[in-house]
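Colleague: One structure, as structure tokens, below. Some questions next.
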Amino acid sequence: MAERYWNEQIETMPRDEMIKLQSERLVKQIKHVWDNVPYYRKKMEEKGVSPDDIHGIEDLHKLPFLSKTDLRDGYPYGLLAVPLSDCVRIQSTSGTTGKRVVAFYTQNDVDMWEDCVARAITAAGGTKDDVVQVAYGYGLFTGGSGLHGGSHKVGCLTLPMSSGNTERQIQFMIDLGSTILCCTPSYAAYIGETLAEMGYTPDDIKLKAGIFGAEPWTEEMRQQIEKSLGIKAFDIYGLTETSGPGVAFECCEQKGMHINEDNFIAEIIDPETGEPLPDGTKGELVFTSITKEAFPLIRYRTRDICVLSREKCSCGRTLVKMSKPMGRSDDMLIIKGVNVFPSQIETVLIKDFKAAPNYQIIVDRIGTTDTFEIKVELSDDMFSDTIKDVVTLEKKLSADIQQILGIKAKITLVEPKSIPRSEGKAVRVIDKRRLV
Amino acid sequence: MTVKQLSVFVENRPGRLSAVTEALAGAGINIRAVSIADTKDFGIMRIIVNDTDKAIAALKESGFLASAANVIAVIADDKPGSMASIMKILYNDNISVEYMYAAFINRDKGMACLILRVDNNDAAVTALTEAGVKLISEKEISEI
């Protein structure tokens, strides 16, 4: 079967034409932020660079980086590049305290985003004859609305299920003949397990493909999901800061994700020095959005570690491919699809106990589900002779953590000094998931 | 008149009780009463010893979390109904018992010793003393 593209011209564009297109758009974008975002202008002036210095993508390295700290400093309107009245949408990151990012979209931004997702759906074999079940969470999270919009654009019959209520998901899947499932990989795995538990086999459903993202997953997990649901499973990448899912997507080759380079210029840098690294080298992924109007990010450091590859892809696309993220250059953990910073847990401990006791985060994966445990060393003023008092404290901690992070952690109170120290410092995170 | 009770936080894993009792043994501490309240992940061991301060120091030295609380040690006749009468005295004054356990103290034949943790020590001591119930003092405990 011939490969289908959503936008064949762009997706198979020769490299030199793509560079020309990116260069034109970059020059225009830099002028746009210089004129409309004082925050950018100041950053550029500090680095001694002006729009006159930017003639094409070869000048990209002259521009200052943007980090999550900049987004936090600019919250909420500091990086907005158009009048608020020109914006039609807001999305936000998963709500990590103090690090929340609010992204703005004009109608053109939404159209561009949906176009990117439409390419991903088409690459996964989707057409207007498909029934797309969106089981990502809806709301401020970009997963639900991103895939929803892309599915509409392709013309698929779209089921806005949101996540949860798994038996109902399966019932709809059977009754309405869903052919493409979109959700987090761990939820897809869970749906697969539930399907079997309910006494069904993949033959009872019409699913042929799945588009899964928002959290790290392995090849083993892909095979397991493909087997349990009888589908081909495709990876999708994106972040709220740049628009949402669809910045990059997998094709039939299922080996790396094509980046939508006409909208996002990708670079790999050395996370320590900030120096750009050649294709094929492992480093931190940096994006410049060259078509976004409302919330354009220039050289945004994603903190995701990966490799870019320009090897010819059998699908015919010429878009550069990124590997699955192999880790982070900061201490962020992704647990059950939610971004977790150890500092957030520290904030809760300080709030509940005045001083932060020693703690340790233990993340593991049982089957396909992440487990999340926080061990907390009990101190004198947290201890009492009655079980009631200690259990009350444990419950309060558990509730506060859930409120801050949006996911539940198992709290385990442990004896003083029982958390292993390394050179005097407690080891804060133990991630046993082996995702890379 | 109350006595001091030691509470020790003990994780639910093999060897922890051995470590607690080793620490006490090493300091020459004699245990007069003991009970453990357990949950899924941890327990609280409550003990009454001949020298509370020395015991706390020894436990902290071994890395344990230990604290002291005041409890009441009651002497009761070892016969049907004597515990019921003690509970009745407390109930009449609306005093709530958080937990209780028996001690290894048999000074006189035919007598038993109960350790009570109540929500109001002063009220309980007054009520029990007025009703003629015999309480043991900290000094008596250390001298046994």
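The values are calculated or read from the model by the stated rules, or taken from the named source; none is laboratory data. The model shown is predicted, which means the values in this text are computed figures rather than measured ones. Note that each Cβ is placed from the backbone with ideal geometry, even for glycine, and that neighbours are counted across all protein chains shown.
Colleague: Scan the stretch A:120-151 residue by residue and report those that are without any contact (Cβ under 8 Å) to a residue 40 or more places away in the chain, in contact with a strand residue (DSSP E or B) (Cβ under 6 Å, 6 or more places away or on another chain) and surrounded by fewer than 24 Cβ atoms within 10 Å (Cβ to Cβ).
Modeller: A:His148
Conditions tested, residue by residue: (1) touching a residue at least 24 places away in the same chain (Cβ under 8 Å); (2) within 14 Å of chain A (Cβ to nearest Cβ).
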{"site": "B:Met1", "(1), (2)": "yes, no"}
{"site": "B:Val10", "(1), (2)": "yes, yes"}
{"site": "B:Thr21", "(1), (2)": "no, no"}
{"site": "B:Ala27", "(1), (2)": "yes, no"}
{"site": "B:Arg32", "(1), (2)": "yes, no"}
{"site": "B:Arg46", "(1), (2)": "yes, yes"}
{"site": "B:Asn50", "(1), (2)": "yes, no"}
{"site": "B:Asp53", "(1), (2)": "no, no"}
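Colleague: When you scan the stretch A:198-214, how many residues do you find that are part of a helix (DSSP H, G or I) and touching a residue at least 40 places away in the same chain (Cβ under 8 Å)?
Modeller: Residues that pass the stated criteria total 0.
Colleague: Please state which of the following conditions A:His61 fails to meet, knowing it meets all the rest: (1) more than 23 Å from A:Glu11 (Cα to Cα); (2) assigned to a loop (DSSP other than H, G, I, E, B).
Modeller: A:His61 satisfies every listed condition except (2).
Colleague: Restricting to the stretch A:167-197, give me the number of residues that are buried (at least 24 other Cβ atoms within 10 Å of the Cβ) and not in a helix (DSSP H, G or I).
Modeller: 5
Colleague: I've got another one for you. Of everything in the stretch A:319-344, what is modelled with pLDDT under 85 and among the β-branched types (Val, Ile, Thr)? Give them in sequence order.
Modeller: A:Val338
Colleague: Then there's this: Quick one: which of A:Asp279, A:Asp262, A:Asp235 is in a loop (DSSP other than H, G, I, E, B), under 28 Å from A:Ser92 (Cβ atoms) and charged (D, E, K, R)?
Modeller: Just a single option satisfies the conditions, and that option is A:Asp262.
Colleague: Looking at A:Thr106, A:Thr69, which one is in the same structural domain as A:Tyr237 (by TED's automatic domain parsing), farther than 28 Å from A:Glu275 by Cα and not hydrophobic (A, V, I, L, M, F, W, C)?
Modeller: A:Thr106
Colleague: Does A:Met382 count as of a type outside the set (Lys, Arg) and within 14 Å of chain B (Cβ to nearest Cβ)?
Modeller: yes
Colleague: Pull up the stretch B:86-106, narrow it to residues that are surrounded by fewer than 17 Cβ atoms within 10 Å (Cβ to Cβ) and in a loop (DSSP other than H, G, I, E, B), then point me to the one that is modelled with the lowest pLDDT.
Modeller: B:Asn106
Colleague: Filter the stretch B:40-69 down to the residues that are farther than 23 Å from B:Thr2 by Cβ and in contact with a helix residue (DSSP H, G or I) (Cβ under 6 Å, 6 or more places away or on another chain) and list them by number.
Modeller: Passing the criteria: only B:Ser62.
Colleague: Next up: Kindly provide the set of residues from the stretch B:91-119 that are among the hydroxyl-bearing types (Ser, Thr, Tyr), within 14 Å of another protein chain (Cβ to nearest Cβ) and farther than 18 Å from B:Asn50 by Cα, ordered by number.
Modeller: Matches in the stretch B:91-119: B:Ser96, B:Tyr99.
Colleague: Residues being in a loop (DSSP other than H, G, I, E, B) and of a type in the set (A, V, I, L, M): count how many of those fall in the stretch B:26-44.
Modeller: Qualifying residue count for the region: 2.
Colleague: I'm told A:Asn339 meets every condition in (1) outside the structural domain of A:Phe249 (by TED's automatic domain parsing); (2) touching a Leu at 6+ places or on another chain (Cβ under 8 Å); (3) buried (at least 18 other Cβ atoms within 10 Å of the Cβ); (4) farther than 30 Å from A:Pro38 by Cα except one. Can you identify the failing condition by its number?
Modeller: All conditions pass for A:Asn339, except number (4).
Colleague: Based on what the data block shows, is A:Thr392 under 30 Å from A:Ile191 (Cβ atoms) and more than 10 Å from every other protein chain (Cβ to nearest Cβ)?
Modeller: no
Colleague: Does any residue of the stretch A:413-426 turn out to be at positive phi, of a type in the set (Asp, Glu) and out of contact with any Pro (no Cβ under 6 Å at 6 or more places or on another chain)?
Modeller: Filtering the stretch A:413-426 down to residues at positive phi leaves A:417, A:423-424.
Still in the list and also of a type in the set (Asp, Glu): A:423.
Now restrict to residues that are out of contact with any Pro (no Cβ under 6 Å at 6 or more places or on another chain): A:423.
Yes: the stretch A:413-426 contains one or more residues that are at positive phi, of a type in the set (Asp, Glu) and out of contact with any Pro (no Cβ under 6 Å at 6 or more places or on another chain).
Colleague: When you check B:Lys79 against the structure, is it in a helix (DSSP H, G or I) and either away from every other protein chain (no Cβ under 14 Å) or more than 20 Å from B:Gln5 (Cα to Cα) (or both), yes or no?
Modeller: no
Colleague: Answer yes or no as to whether B:Gly15 is more than 14 Å from chain A (Cβ to nearest Cβ) and either in contact with a Gly (Cβ under 7 Å, 6 or more places away or on another chain) or more than 13 Å from B:Ile141 (Cβ to Cβ) (or both).
Modeller: no
Colleague: Could I ask something else about it? What's the number of the only condition in (1) touching a Lys or Arg at 6+ places or on another chain (Cβ under 6 Å); (2) at pLDDT 95 or above that A:Cys313 fails to meet?
Modeller: (1) is the only condition that A:Cys313 fails.
Colleague: Conditions: (1) within 13 Å of chain A (Cβ to nearest Cβ); (2) in a strand (DSSP E or B); (3) in contact with a Leu (Cβ under 7 Å, 6 or more places away or on another chain); (4) at pLDDT 95 or above. B:Ile72 meets all but one. Number of the miss?
Modeller: Failed condition: (1).
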